[in-house]
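Novice: Take a look at this one; I'll ask things after.
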Amino acid sequence: MIVKKENEYMLSKRFNKVLETELEADEDTLEALKQLSTFYSENTLPSRRDLRSKIEKRSLDININLLSSFSKVKDTFMSIYNDIVEMNRCVDEITCKLQNSKQRSKALLQQTSMLYSGRNKNTVYQKIVSPFLNKVQLSPDESLILYGNQRSSSLTHATFSVLDKIQQIHNYSRILMRCGLQTVALDTMEHMVLHQEEALENIYRWTQNHCRYVDNLELTELIANAMSKLQDRPPLFRYIIDEYCVGRRSILVSAFIDALTKGGPSGKPAPIEMKAHDIQIYVTDMFVWLYKAISVEQQNLLQMLKFCDNIDSDFILDTLIKVCDGICQPLKIRIEKVLGVPTQAVILYSVLNLLRYYKKCICKILPRGSLENTLVNLQNMGEQVFFTTLQQEINNMFIKIESPVRDLVPTPAIHNLLALLRDMLSTANMNDGREIDMKKITQYIIEPLLRCVNEQASHLPALDMSIYTVNCIYDIFTCLSMFEFMDEFLERLQAQADAQIDNLTAEQASFLVANLNIGPIYTILQDSQREPLSTIPGMEPSNLQKFFLKLEQFITSPELTLLPQFDLLLSSKYKRVVEKRSREVVLAIYTQLFEAVNNPQNQYENPSSLCHKTPDELKESILL
Amino acid sequence: MSAGPYNYSYIFKYIIIGDMGVGKSCLLHQFTEKKFMADCPHTIGVEFGTRIIEVSGQKIKLQIWDTAGQERFRAVTRSYYRGAAGALMVYDITRRSTYNHLSSWLTDTRNLTNPSTVIFLIGNKCDLDAQRDVTYEEASKFAEENGLMFVEASAKTGDNVEEAFLETAKKIYQSIQDGRLDLNAAESGVQHKPSQPGRNNLSNDQQGNKDNCAC
Ligand SMILES: Nc1nc2c(ncn2[C@@H]2O[C@H](COP(=O)(O)OP(=O)(O)O)[C@@H](O)[C@H]2O)c(=O)[nH]1
Ligand SMILES: [Mg+2]
């Protein structure tokens, strides 16, 4: 029973289900039906019987279809799968490779960063080292400057900068040494020494060939620089200086000879010797040339050594002396020749002064040495020749001394000698050391001159002798007083004039006294034993009256009582002095007489009518 | 010389007289230059020399006329006596004749100079004692009798030369101090410095007080 029951139930249930089915709402069913419609077109029994198979068949078809489709899918899928597997393998491989390269790049990075920091370090090093190297090494350019032109034997200013640098490097090396960097320092030094030696050798050779052309403006600086470098090598330096002396000496001498004999370029200026006939011009030109040339030589030398710092003035002088050595002989010969020709003392004197002047000028540059020596000798010779000639000229003038003529003026011989003296002194006056000269010349001339005057005067009567002497002295005095340094002579002349004026005064006073006839009166007045004067013969009023009369005449025309020779006195001043002093004698006697007359003891009656002039009044009329 | 125009207070004028060849020029030279000039040329008329000396702290300039002994210059030399304050009268001790002429020189001097002129007798060449012709005593007596100062001197060795000139100056200076010598007299042979450069200076006329008569 149960199974039946269960069948029953199943059936019911299915029924139910079919019955319960709401077809319109079931989409699947709808769909299925729709599908069914497509192939189930007639509702017939066969059809109905067939339906099932038909459906099954149809389902099978679909499944086959599906299967084939799925197998396609499956194939496709499989190929995708394979691809993916392949891909996976590749990716794995890549991953592996990546892993590798990752590993490697890490090492690289590490290395790079190491290198990078190394590079930084090196850059810093380089920053430090390269200036250092610049400082302690020659650049290729510099080496080239030093060595490149070895053969061409030319020198440029660059050479000296390089040398300066070498020196600088030396100094640095010394600093390095002090800092304890001995190896570097010694190394550098050694290098530099080699460079330096080579460079100096070059400079030396060049300078040796060129030093004599120091006056060539293009070379001056180079030579000066070369000398300053060479001064650290005394032997080389000395060789150059020797070379220089020899070179310049011969240039100087031949230039001198040319100036004398050929003149300047194309004969302008004319050769100095063309004017040899006028010895003053000749000597002047010669010395002007020489002085200039020597100054130029001095300048050359100073230029050449201007950068040398341990050169003393003595060294320069010694060198200049050597350079100027050669001039001595040609100069000496010519000056000696000039002095050997007989010439007037005046001209010789101006030549002598030229000699002295240029000696002084040149000796300011060359205070010793052979040229100085030559000039001193020439000057001495000039002095000697001059004074000998002067003496000779003076002697010639005194060969015959004429006696003074009656007018008692200085004779021509005196005039000539004075003229000579004046000429000489005028020339001498322009010199520097003129005092000694002027005194010596004056001494030379004035001694014989005064002797001559004495000699001439000794042949004259006393009064004429005094006048002549005073006249000569006056002329000489006038001449000398125009010049300096003549005090000594003027004193002597003054003393001699004074002595003669005293004589003249005495003569004139005696003449006056005799003329006025006061001799006896004076004698009586001097007598000290006093009787009344009016009682003494010769002093009686009548006699005195005569004297006063004469005195009146004298007062009105005093010139009548002057010795006639006094007109011959050249100096009116002297004349006045003599007159005045002789009148003072008269005044003195008158004063005594006046006092005596007015002295009651002497018993003159009415003294004021006798002597109506007071001494002061007389003084006024004859002395003022 | 001439260091400052008047670095002295007085000028004394001297003359040196005596026969030719007694050594007058040599004495002057010895005194002014302190040198013996053996080959001294003959003096023509007069020669001149100066030197500044000191007496009692005063600087004195001596202006000395050395005269020629020759007779032919007598007129010339006489004209220098007038203004002399001191006269050095020289003889040669080796030549008696020069001594014998002294009285004539003395007369000349007395006549031509003023009374205050100091006369100093010098027996020169005393270095030549071996050739002596005049004894010291004799000359000394002569000097005393005539009121002269006296030394024997040698221009050659310089002995007593300085003394003769200086003693004379001292005596003159004494006369000035005593007032025996009138400085204002033109012929006193003494000038007071530094008032004027010279009495008759050519460039400077001046007043000279003259109180002397030639009669
Ligand atoms: N032995 C010697 N000789 C003298 C002395 N003084 C002068 N003489 C020489 O005597 C000569 C004449 O001298 P000098 O002065 O010219 O005499 P003056 O004529 O009086 O000027 C010269 O040759 C002098 O050398 C002296 O003191 N002793
Ligand atoms: Mg004499």
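Novice: Binned at 5 Å from 0, what are the whole-percent values of the Cα-Cα distance distribution for the range A:398-468, short to long?
Specialist: Histogramming the range A:398-468 at 5 Å steps yields 3, 16, 24, 19, 15, 11, 8, 4, 1, 0 percent.
Novice: In nm, to one decimal, how far is the A:ASP232 label point from the A:GLU24 one, both placed 7 Å along Cα→Cβ?
Specialist: Distance between label points: 13.1 nm.
Novice: Ignoring ligands, DNA and RNA, how do A:MET381, A:MET430 rank by accessible area with a 1.4 Å probe, largest first?
Specialist: A:MET430, A:MET381
Novice: Let me ask another. Could you tell me how many degrees, from 0 to 90 and to the nearest 10, lie between the Cα long axis of helix A:182-210 and the main elongation axis, the longest principal axis, of the Cα atoms of chain A?
Specialist: It is inclined by approximately 50 degrees.
Novice: Extending each Cα 7 Å along its Cβ direction at A:GLN35 and A:VAL184, get the distance between those two points in nm, one decimal.
Specialist: 10.1
Novice: Another one. In whole Hz, with x marking every Gly and Pro, tabulate ³J(HN,Hα) for the range A:231-240 from phi via Karplus 6.51 cos²θ - 1.76 cosθ + 1.60, θ = phi - 60°.
Specialist: 5, 6, 10, x, x, 4, 4, 5, 4, 4
Novice: Could you name the lysines in cross-link range of A:LYS322, using Cα to Cα under 27 Å and dropping any fewer than eight places away on the same chain?
Specialist: Cα-Cα hits under 27 Å: A:LYS229, A:LYS262, A:LYS292, A:LYS306, A:LYS332, A:LYS337, A:LYS359, A:LYS360, A:LYS364.
Novice: Next up: Could you give the dipole magnitude of chain A about its Cα centre, charging the beta-carbon of Lys and Arg +1 and that of Asp and Glu -1, in debye to the nearest 20?
Specialist: Dipole of chain A, to the nearest 20 debye: 4100 debye.
Novice: Taking the Cα atoms of the range A:239-397, what is the range of coordinates along each of the three principal axes, in descending order and whole Å?
Specialist: Answer, in whole Å and largest first: 63, 37, 18 Å.
Novice: May I ask you to compute the full-extension gain from A:GLU531 to A:ARG58, defined as 0.36 nm times their residue separation minus their alpha-carbon distance, rounded to one decimal in nm?
Specialist: Extending this stretch completely gives an extra 147.4 nm.
Novice: Okay, next question. Could you give me the ³J(HN,Hα) list for the range A:470-480, computed from phi with Karplus coefficients 6.51, -1.76, 1.60 and θ = phi - 60°, whole Hz, x at Gly and Pro?
Specialist: 4, 4, 5, 4, 4, 4, 5, 4, 4, 5, 5
Novice: Quick one: length gained pulling A:VAL193 to A:ASN395 fully straight, 0.36 nm per residue minus the C-alpha distance?
Specialist: 64.9 nm
Novice: Determine the dipole magnitude for the range A:239-397: charges of +1 sit on the beta-carbon of Lys and Arg, -1 on that of Asp and Glu, nothing else is charged, the reference point is the Cα centre, and the result goes in debye to the nearest 20.
Specialist: Approximately 340 debye in magnitude.
Novice: Fully extended, how many nm does the chain gain between A:TRP289 and A:ARG205 (0.36 nm per residue separation, minus their Cα-Cα distance)?
Specialist: 26.9 nm
Novice: List the aspartates and glutamates whose alpha-carbon lies under 20 Å from that of A:LYS619, not counting same-chain residues fewer than 8 positions away?
Specialist: Counting by Cα, and skipping residues close in sequence, A:LYS619 has these aspartates and glutamates nearby: A:GLU552, A:GLU559, A:GLU579, A:GLU584, A:GLU595, B:ASP205, B:ASP211.
Novice: By average Cβ neighbour count within 10 Å, what is the ranking of B:30-41, B:11-22 from highest down?
Specialist: B:11-22, B:30-41
Novice: Pop the C-beta distance of A:LYS17 and A:SER71 into the FRET formula with R0 = 56 Å and round what comes out to the nearest 0.05.
Specialist: 0.95
Novice: Positive end of the dipole of the range A:222-355, charges at C-beta (+1 Lys, Arg; -1 Asp, Glu), about the Cα centre: which of A:CYS245, A:PRO271, A:ILE327 has its Cα farthest in that direction?
Specialist: Ranked along the dipole, the leading option is A:PRO271.
Novice: Quick one: accessible area per residue over the protein assembly as shown, 1.4 Å probe, rounded to a whole number of Å²?
Specialist: Each residue of the protein assembly as shown exposes 54 Å² on average to a 1.4 Å probe.
Novice: Could you state how much accessible area B:GLU163 has, in square angstrom rounded to the nearest 10, with a 1.4 Å probe and all protein chains kept in place?
Specialist: 80
Novice: Here is a further query. Could you report the buried accessible area between B and A, both sides summed, computed with a 1.4 Å probe and given in Å² to the nearest 100?
Specialist: Buried: approximately 3500 Å² between A and B.
Novice: Sort A:493-501, B:140-148, A:211-219, A:434-442 for me by packing, meaning the mean count of neighbouring Cβ atoms within 10 Å per residue, highest on top.
Specialist: A:493-501, A:434-442, A:211-219, B:140-148
Novice: Next question, about the same structure. Select from A:LEU305, B:LEU128, A:ILE166 the residue farthest towards the positive end of the dipole of the protein assembly as shown; place +1 on Cβ of Lys and Arg, -1 on Cβ of Asp and Glu, and compute about the Cα centre.
Specialist: Highest projection toward the positive end goes to A:ILE166.
Novice: Label A:ASP242 and B:THR157 with points 7 Å out from Cα along Cα→Cβ: what is the distance between them in nm?
Specialist: Distance between label points: 6.4 nm.
Novice: Continuing with this model, one more query. Apply the a/c threshold of 1.5 to the C-alpha gyration tensor of the range A:137-230 and tell me whether it is rounded, prolate or oblate.
Specialist: prolate
Novice: Let me ask you something else. Once the Cα gyration tensor of the range A:505-623 is diagonalised, what are the square roots of 5 times its eigenvalues, in whole Å and ordered largest first, as equivalent ellipsoid semi-axes?
Specialist: They are 28, 14, 12 Å, listed from largest to smallest.
Novice: Say R0 is 25 Å: what FRET efficiency, to the nearest 0.05, do A:ASP309 and A:HIS157 get from their beta-carbon distance?
Specialist: Computed FRET efficiency for A:ASP309 and A:HIS157 comes out at 0.85.
Novice: According to the square roots a ≥ b ≥ c of the eigenvalues of the Cα gyration tensor, what is the shape class of the protein assembly as shown, taking rounded for a/c under 1.5, prolate for a/b larger than b/c otherwise, and oblate for the remainder?
Specialist: prolate
Novice: Please report the carbon-and-sulfur percent of the accessible area for the range A:434-485; probe 1.4 Å, protein heavy atoms only, DNA, RNA and ligands left out.
Specialist: On the range A:434-485, the fraction of accessible area on carbon and sulfur atoms equals 55 percent.
Novice: Got a sec to turn the phi values of the range A:265-273 into Karplus ³J(HN,Hα) couplings, 6.51 cos²θ - 1.76 cosθ + 1.60 with θ = phi - 60°, whole Hz, x for Gly and Pro?
Specialist: Whole-Hz 3J(HN,Hα) from phi for the range A:265-273: x, 6, x, 10, x, 5, x, 4, 5.
Novice: If I compute solvent accessible area with a 1.4 Å probe over the protein chains, what percent of it on the range A:246-346 is carbon and sulfur?
Specialist: Carbon with sulfur: 59 percent of the solvent-accessible area.
Novice: Using all Cα-Cα distances in the range A:549-599, what percent lands in each 5 angstrom bin from 0 up to the longest?
Specialist: Answer for the range A:549-599: a P(r) of 5, 17, 22, 23, 15, 9, 5, 3, 1 percent.
Novice: Sticking with this one: Might you report the magnitude of the Cβ-based charge dipole of the range B:10-214 about its Cα centre, with Lys and Arg at +1 and Asp and Glu at -1, to the nearest 20 debye?
Specialist: Using only the charged Cβ atoms, the result is roughly 580 debye.
Novice: Under a 5 Å amide H to amide H cut-off, with H placed in plane at 1.01 Å, what residues pair with B:LYS59 once short-range neighbours are removed?
Specialist: Under 5 Å from the amide H of B:LYS59 lie the amide H atoms of B:SER9, each far enough along the sequence or on another chain.
Novice: Using 1/(1 + (r/R0)^6) with R0 = 56 angstrom and r between the beta carbons of B:ASP178 and A:SER557, what's the FRET efficiency to the nearest 0.05?
Specialist: According to the calculation, E is roughly 0.80.
Novice: In addition: Mind checking which lysines have their C-alpha under 19 Å from A:LYS127, skipping anything on the same chain fewer than 8 residues away?
Specialist: The qualifying lysines are A:LYS135.
Novice: OK, next. Which is farthest toward the positive dipole end of chain A among A:HIS210, A:GLN379, A:GLN110, measuring Cα position about the Cα centre, with Cβ charges +1 (Lys, Arg) and -1 (Asp, Glu)?
Specialist: Ranked along the dipole, the leading option is A:GLN110.
The values are calculated or read from the model by the stated rules, or taken from the named source; none is laboratory data. What you see is a predicted model, and the numbers here were worked out from it, not measured in a lab. Virtual Cβ from ideal backbone geometry, glycine too; neighbours counted across all protein chains shown. Only protein heavy atoms, including side chains, enter the accessible area calculation; ligands, DNA and RNA are left aside. Shrake-Rupley method; radii C 1.70, N 1.55, O 1.52, S 1.80 Å.
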